[in-house]
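Reading through the structure tokens given below for one structure.
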Amino acid sequence: MTTLTTGASQAGMPELLPGDVRMLLTGNYAVSYGAMRARPQVVPIYPITPQTPIAEKISDLQLAGEFDVDLMTAESEHSAMSACITASLTGVRVFTATASQGLMLMHEMLHYASGAMTPIVMVNVNRTIGSPWGFWPDQTDSLAQRDTGWIQLYTENGQESLDTVIQAFRIAEQLLVPAMVIHEAFYISHALEPVVVPAQERVDEYLPPFAPQHRLDPEIGESWGNVVNQDMFYRHRKRLGEAMARVPETAIAADTEYEALMGRGYGILERYRMEGAEIAVVAFGAMCGTARVAVDRLREAGVSVGLLKIKLFRPFPIEQVRAAVAGVPKLVVMERNFSPGVGGVLHQELKAALYGMADPPQVHGYLAGVGGVNVSARKIEELVGKAMTEEPVAESVWQR
Amino acid sequence: MEPFHAEPNYIIEEAPVFSSGHNACPGCGEALAVRYVLNSMGPKTVAVIPPSCIAIISGPQPYSSMRIPVYQTTLEASAASAAGIRRALVRQGKDDVNVLVIAGDGGTYDIGFQALSGAAERNEDMVYVCLDNEGYMNTGAQKSSSTPYLAYTTSTPGGKPNDKKDIAEIMAAHRVPYVATATVGYPEDLARKVAKAKEMRGLRFIVVLTPCLDGWGVPDDGAVRVSRLAVQTGFFPLYEVEEGERYAINVGPTPGWPVERYLETQRRYRHLTADQVAAIQAHVDHKWSLLHARAKVECVPMFQGAEI
């Protein structure tokens, strides 16, 4: 299974297959094109910086007649998510996008969505949560939703965001679990890169129409949401847990098939230059791109260092992560999030995943990019060097 | 602008959507309202119900008193939830299915108002019925923004210091296709309004005054009598507004009937002094004159309330 989790190299320009189009797109526009290719029928959405270009591009594509969709301009994120849930329950494919405070306002309905087994796909653009106000890349907003029963997939660039939106529908609809695709403010959302928009026919082949057996329909008569007893609630949560437990294998299969059709795959995590590594950087999101540069430089200087990129964060793929770090003596987590009283969320989750593992790696946790402060390749090189000479402490450590 | 009036001899046509054996309190005014709303909407309907007495009446899993799909949503989300259903139905070509919200006053006047106002602005295609028992009765009779001036609730034990929100006027100001007031003591009027709303498109809003026996302090057999007195004393006039401007008053007060006749039937008003009763009367008179002005007609009520 571990071989399947290793993504294809992201180096170089993605290949064009027949019908594909290469466009210069921001990460957010890439998301809009990915959503269009997935053919959602209803998109309830509310604007918030830095998500707005996603909604704007969908509106433009709809007006141009390229994207046949009902765009519902809700009066709040809470209402947008409320409408997502019922549209999905009524039997159509649903997409939305938000960020930061918007995701916070949705929190109640995120639980409702997973409880209702609605395979909504939502993109969240990571942005600091107030107060005070900020517009900076910080993953605390989505990580604060880790207990809501949503799949979380973190991406590193616009191409990966586009591809992951399409894959997320496949995973979500197979398991009836909603999925969040997450990329960071500005580093990804507003950065222009060449992106391959895959041919519609191939996406249609990959993603059949959503046709749920259970839905709100007077011809069927089924209802959802009324009061249940303790035993029913217990069984319902257990079922949700069982569906979550199937996410890693389902996501790997979805990615493998996607790669076969589209020529690009990512895995649910990626081992980059991990051969014989004495230490590995562990990161997710845009920081992985910078870490690749740092790893390359350190390798040139003779340091045995690799990168473990976590793409699937929820559910946390314990088995695959353990296999990926087996034999690596030290891990150093670079965080762009902060949970007061805990520290870095990835640091915490990683330690929990490795607890009880035979001969586990030491784990250093560095709060390096909190609040969107820049974490350069040089900084990562410096922190790797620091971790190599120190014993780890239990807490995450502030590092600028 | 022709004023229009209720058909005094309207014959209620009921489809058997609402069942007996539901979980309402014996004598509950709201159960009557649910009956006429659901049975007038008919079986090709999907209902959205937020937390409320209506959710209790609807029934716990695996039971249902309603022979239609019911989606129970969160307290603030009814109108947005209904919008999602409608938009999905349209995408599926199912244009003959009604989307109905039945929410309480807390879920409408208070926490659900933002979603309702947004849906009204977008003119989402649904019938939104607010069963208004003037407080959070399902949680033990706390004050809502629908609780009337000086009424006792468990969170206003000295009487509510502020007036009730005028939700019908607020919704009419959104210029939605249809706004109506109704109450369970006038079932023909209620059923006619639901049937009329059902045939229209866009956001249609009906607020139904539904006495809560326990929350208001009314005897088990008193819901219909108190409901009629609310109309007969001018406390809750029955009227309709189309497109925010075409008003029609259906049932107004019985001349010479003071509001005290309504107030004295309910435990929640028993602390009132004579001055307070007079203040409420002045308020009712003023609001009635405002409604006349908006309706731009000399009001000739069609049903003169008969004392039950």
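Quick one: is B:L38 at pLDDT 95 or above and open to solvent by 20 Å² or more (accessible area, probe 1.4 Å)? In short, no. Identify the single condition in (1) in contact with a Leu (Cβ under 7 Å, 6 or more places away or on another chain); (2) without any contact (Cβ under 8 Å) to a residue 60 or more places away in the chain that B:L272 does not satisfy, given that it satisfies every other one. It is condition (2) that B:L272 fails.
Taking the stated definitions as given, is B:A24 under 21 Å from A:V228 (Cα atoms), assigned to a loop (DSSP other than H, G, I, E, B) and more than 7 Å from chain A (Cβ to nearest Cβ)? Judged against the criteria, B:A24 is a match.
Out of region B:91-126, which residues are aliphatic (A, V, I, L, M) and closer than 23 Å to A:Q41 by Cβ?
Taking region B:91-126 as the starting set, the residues that turn out to be aliphatic (A, V, I, L, M) are B:97, B:99-103, B:111, B:115-116, B:119-120, B:126.
Of everything in region B:91-126, those that are aliphatic (A, V, I, L, M) and closer than 23 Å to A:Q41 by Cβ turn out to be B:V97, B:V99, B:L100, B:V101, B:A115, B:A119, B:M126.
Out of curiosity, is B:A31 of a type in the set (A, V, I, L, M, F, W, C) and facing chain A (nearest Cβ under 9 Å)? When the stated conditions are applied, B:A31 does not pass them. Is it fair to say B:I54 is modelled with pLDDT of 95 or more, more than 10 Å from chain A (Cβ to nearest Cβ) and not in a helix (DSSP H, G or I)? Against the criterion (modelled with pLDDT of 95 or more, more than 10 Å from chain A (Cβ to nearest Cβ) and not in a helix (DSSP H, G or I)), B:I54 does not qualify. Can you find a residue that is more than 13 Å from chain B (Cβ to nearest Cβ) and over 25 Å from A:I166 (Cβ atoms) anywhere in region A:111-128? Yes; the residues of region A:111-128 include at least one that is more than 13 Å from chain B (Cβ to nearest Cβ) and over 25 Å from A:I166 (Cβ atoms). The set of residues in region A:304-322 being in contact (Cβ under 8 Å) with a residue 40 or more places away in the chain and buried (at least 17 other Cβ atoms within 10 Å of the Cβ) consists of A:V305, A:K309, A:I310, A:K311, A:L312, A:F313, A:R314, A:P315, A:P317, A:Q320, A:V321. Restricting B:G93, B:G84, B:G158 to residues that are under 25 Å from A:S88 (Cα atoms), open to solvent by 50 Å² or more (accessible area, probe 1.4 Å) and at pLDDT 95 or above narrows the list to B:G93. Taking the criterion of being more than 7 Å from chain B (Cβ to nearest Cβ) and either hydrophobic (A, V, I, L, M, F, W, C) or under 16 Å from A:V121 (Cβ atoms) (or both), the residues of region A:71-88 that qualify are A:L71, A:E77, A:A80, A:M81, A:S88. Among the residues of region A:55-66, those that are open to solvent by 60 Å² or more (accessible area, probe 1.4 Å) and either assigned to a helix (DSSP H, G or I) or of a type outside the set (D, E, K, R) (or both) comprise A:E56, A:D60, A:Q62, A:L63, A:A64, A:G65. Picking from residues in region A:226-249 that are touching a helix residue (DSSP H, G or I) at 6+ places or on another chain (Cβ under 8 Å) and within 14 Å of another protein chain (Cβ to nearest Cβ), the one that is nearest to A:Q320 (Cα to Cα) is A:H236.
Helices (runs of 4 or more DSSP H) fully within region A:67-184 that include at least 3 residues being open to solvent by 10 Å² or more (accessible area, probe 1.4 Å) and touching a helix residue (DSSP H, G or I) at 6+ places or on another chain (Cβ under 9 Å): A:77-90, A:100-115, A:158-175.
As for region A:39-54, it holds no residue that is surrounded by fewer than 18 Cβ atoms within 10 Å (Cβ to Cβ) and either closer than 20 Å to A:V196 by Cα or of a type in the set (F, W, Y) (or both).
You will find that of B:G106, B:G112, the residue that is surrounded by 24 or more Cβ atoms within 10 Å (Cβ to Cβ) and in contact with a helix residue (DSSP H, G or I) (Cβ under 7 Å, 6 or more places away or on another chain) is B:G112 and no other.
Those residues that are part of a helix (DSSP H, G or I) and either touching a strand residue (DSSP E or B) at 6+ places or on another chain (Cβ under 9 Å) or not aliphatic (A, V, I, L, M) (or both), I need them from region B:227-239; list them, please.
The initial filter retains those residues of region B:227-239 that are part of a helix (DSSP H, G or I), namely B:227-232.
Within region B:227-239, B:S227, B:R228, B:A230, B:V231, B:Q232 meet the criteria.
Could you say whether any residue in region B:252-264 is open to solvent by less than 30 Å² (accessible area, probe 1.4 Å), over 25 Å from B:A82 (Cα atoms), aliphatic (A, V, I, L, M) and part of a loop (DSSP other than H, G, I, E, B)? Yes, there is a match, as at least one residue in region B:252-264 is open to solvent by less than 30 Å² (accessible area, probe 1.4 Å), over 25 Å from B:A82 (Cα atoms), aliphatic (A, V, I, L, M) and part of a loop (DSSP other than H, G, I, E, B). Exactly one residue out of A:V375, A:V384, A:V363, A:V370 is of a type in the set (A, V, I, L, M), surrounded by 13 or more Cβ atoms within 10 Å (Cβ to Cβ) and farther than 20 Å from A:V305 by Cα: that is A:V370.
Here is a check on your reading of the model: is A:E395 crowded, with 20+ Cβ neighbours inside 10 Å and either more than 24 Å from A:R297 (Cα to Cα) or touching a strand residue (DSSP E or B) at 6+ places or on another chain (Cβ under 6 Å) (or both)? Considered against the rule, which asks whether it is crowded, with 20+ Cβ neighbours inside 10 Å and either more than 24 Å from A:R297 (Cα to Cα) or touching a strand residue (DSSP E or B) at 6+ places or on another chain (Cβ under 6 Å) (or both), A:E395 comes out as no.
The values are calculated or read from the model by the stated rules, or taken from the named source; none is laboratory data. This structure is a prediction, so every number in the text was calculated from the model and none was measured. Positions of Cβ are backbone-derived with ideal geometry, glycine not excepted, and every protein chain shown enters the neighbour counts. We work out accessible area using only protein heavy atoms, side chains counted, and drop any ligands, DNA or RNA first. Shrake-Rupley method; radii C 1.70, N 1.55, O 1.52, S 1.80 Å.
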